[in-house]
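Engineer: Just passing along the structure, written as structure tokens.
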Amino acid sequence: MTLTLTIGSIEKKLVLQDGQVVERDVIHLNLSVDHDIIDGAPLMRFVDRFKKMLLKGTSLAPSAEERQD
């Protein structure tokens with residue numbers, strides 16, 4: 001397998017949000033990658049974009065701006 005995403009448990013953690021400490025549900029995710037197939041730099045760009053999408057709650061479908069790239 002080239003890339004495997006494993007979804008783990010959900011737990012409550014204290015996080016800083018807008019300068020306030022709040023309790024949030026946090027899900028544990030793990031990515032496993034075959035480095036013979038995927039180089040580190042493209043992988044980190046993917047991980048950064050994936051993390052931003054998860055934090056924003058956006059869909060996985062590319063936006064009109066992303067389709068133009």
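The values are calculated or read from the model by the stated rules, or taken from the named source; none is laboratory data. Every value quoted in this text rests on a predicted model; they were computed, and no experiment measured them. Cβ: placed from backbone, ideal geometry, glycine included. Neighbour counts: every protein chain shown. We work out accessible area using only protein heavy atoms, side chains counted, and drop any ligands, DNA or RNA first. Shrake-Rupley method; radii C 1.70, N 1.55, O 1.52, S 1.80 Å.
Engineer: Given contacts defined as C-alpha pairs under 8 Å and at least six residues apart, what's the relative contact order of segment 1-64, whole-number percent? Don't jump to the answer; show the numbers that get you there.
Structural biologist: Numbers: 57 pairs, mean separation 19.2, N = 64.
The normalised contact order for segment 1-64 reaches 30 percent.
Engineer: Can you compute the label reach from F46? Point 7 Å from Cα along the Cβ direction, backbone N cut-off under 15 Å, restricted to segment 1-27.
Structural biologist: Correct set: 1-6.
Engineer: Can you sort V21, V26 by solvent-accessible area, 1.4 Å probe, largest first?
Structural biologist: On the way: V21 105, V26 45 Å².
Sorted by accessible area, descending: V21, V26.
Engineer: Using a simple spin-label model with points 7 Å from Cα along the Cα→Cβ vector, what separation in nm is obtained for V21 and T4?
Structural biologist: 3.7
Engineer: Taking the Cα-to-Cβ direction at K13 and at D39 and moving 7 Å from each Cα, how far apart do the two end points lie in nm?
Structural biologist: 3.1
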